[in-house]
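> The following block contains the structure, expressed as structure tokens.
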């Protein structure tokens, strides 16, 4: 009898423990990271029922570029958002490696590591040390890209054609890696670049500037861009982050180098991670053009799933969807808009006397495009995009006049709307 009673007690306790364990497992949830502010606590207590941002993979400052800017598609957009070849709102041109508008990672995946992510651990053999050192030096190089844009024109009258060519390479450097205000360990991204524009038109009158005739607008045969970008996208808390960018460059036709040939552009945008798939943005973009100096930057990024992303963001909106996949690449389609153009200086030899005078001008337009891009599924590989679009509200904005520069006349020349083509490649 005692044995039977003892057996029943043991059986009862075992069943109770099993039920308790089952309930506990069913109710287990991921514990959110410690809140850094009262607003973080409010966000984590939202009705969504899960932490503000589950820990995604860390941004490795020495990681291959393809896995950073073009991550491999996943089923969890919170930890691995879809890729984006984002338009650079600093200059209105296509984006480049390291300057993505994708929401940055929130927290490192290996916070207990004794060395920052990306640094080799102490090796045990000489050959291992050599291999790790080689990998570290190679992975500091993030990638290279180039693009060609053609804006259709006949070159007759005010039908101006533009060929835009640009190339750049990005390098990552550790930057406040262990700072509590940089919880995603965002590196400093340095991007030297070079660009060239080939201008076709506008057509000038042979009597321009003679016998009291007004001067026709002029453009050089080509202009050049030489610049250096610095970008940093830290995450201060799980809720608040930022996107900082600064560009210094020379924009001229190399026949002229004056103060107006230098341009300083930049962006300062604050980000707010309202949910794991929704990020608000607010800030300013400094363009340093003659007609438009500064633009507001406002909007949001919404990633509802692993196959779509919506950047409802001024001045560079973009919506993209993944529509297919091959053995090595994922294929995306997108609709995008941008404020294109720039500012350059050149010597107008057809006005202002025998030697002409230095001309400072803007080319401005608004572009909408429909395109596709292919993204490698591996950590490295070739990426690219092709798009066709429509350029409208095109203008040439001249400073110092197209007559006597002492008068300080400004002239606006309206150009007809036209078709645009763009091809980009990156590795």
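Bear in mind these aren't lab numbers, they're just calculated from the coordinates by the rules spelled out. Note that the structure is a prediction, hence the values are computed from the model and not measured. No Cβ is skipped: glycine too gets one built from the backbone with ideal geometry, and neighbour counts run over all protein chains shown.
> When you count, for each residue, the other Cβ atoms within 10 Å and take the mean per peptide, how do 236-245, 389-398, 251-260 rank with the highest first? List each step's numbers first, then the result.
Working: 236-245: 20.8, 389-398: 18.8, 251-260: 16.1.
In decreasing order of mean packing, 236-245, 389-398, 251-260 become 236-245, 389-398, 251-260.
> In nm, what is the difference between 0.36 nm times the number of residues separating residue 414 and residue 255 and their Cα-Cα distance?
54.6 nm
> Between residue 300 and residue 232, take the C-beta separation as r, use R0 = 30 Å, and let me know the FRET efficiency to the nearest 0.05. Before the final figure, lay out the partial values.
Working: r = 21 Å, r/R0 = 0.71.
That pair, residue 300 with residue 232, gives E of 0.90.
> Oh, and also: Based on the mean of other Cβ atoms within 10 Å per residue, sort peptides 318-328, 170-180 so the most packed one is first. Before the final figure, lay out the partial values.
Values: 318-328: 14.2, 170-180: 15.8.
By packing density, highest mean first, the sequence is 170-180, 318-328.
> Taking the Kirkwood radius as the inverse of the mean 1/r across Cα pairs, report the Rg/Rh of region 143-281. Provide the component values of the computation, followed by the final result.
Numbers: Rg = 21.5 Å, Rh = 18.5 Å.
Dividing the radius of gyration by the Kirkwood radius yields 1.16.
> Another question, if that's okay. Ranked highest first by the average count of other Cβ atoms within 10 Å around their residues, in what order do 333-344, 277-288 fall?
With the highest mean Cβ count within 10 Å placed first, the list reads 333-344, 277-288.
> Which percent of the Cα-Cα distances in region 256-333 go past 17 Å?
Everything past 17 Å amounts to 61 percent.
> Still on this model: Label region 303-342 by shape, choosing from rounded, prolate and oblate, from the square roots a ≥ b ≥ c of the eigenvalues of the Cα gyration tensor; if a/c is under 1.5 it is rounded, and otherwise prolate applies when a/b is larger than b/c, oblate when it is not.
oblate
> At what distance in nm do the modelled label points of residue 377 and residue 278 sit from each other, each positioned 7 Å from its Cα along Cα→Cβ?
So the two model labels end up 3.3 nm from each other.
> So, one more: Give me the one-decimal nm value for the distance between modelled label points at residue 178 and residue 150, 7 Å along each residue's Cα-to-Cβ direction.
Going by the 7 Å Cα→Cβ label model, 5.4 nm.
> A follow-up question, please. Compute the distance in nm between two label points, each set 7 Å from the Cα along the Cα-to-Cβ direction, one at residue 327 and one at residue 244.
Result for the modelled spin labels: 4.6 nm.
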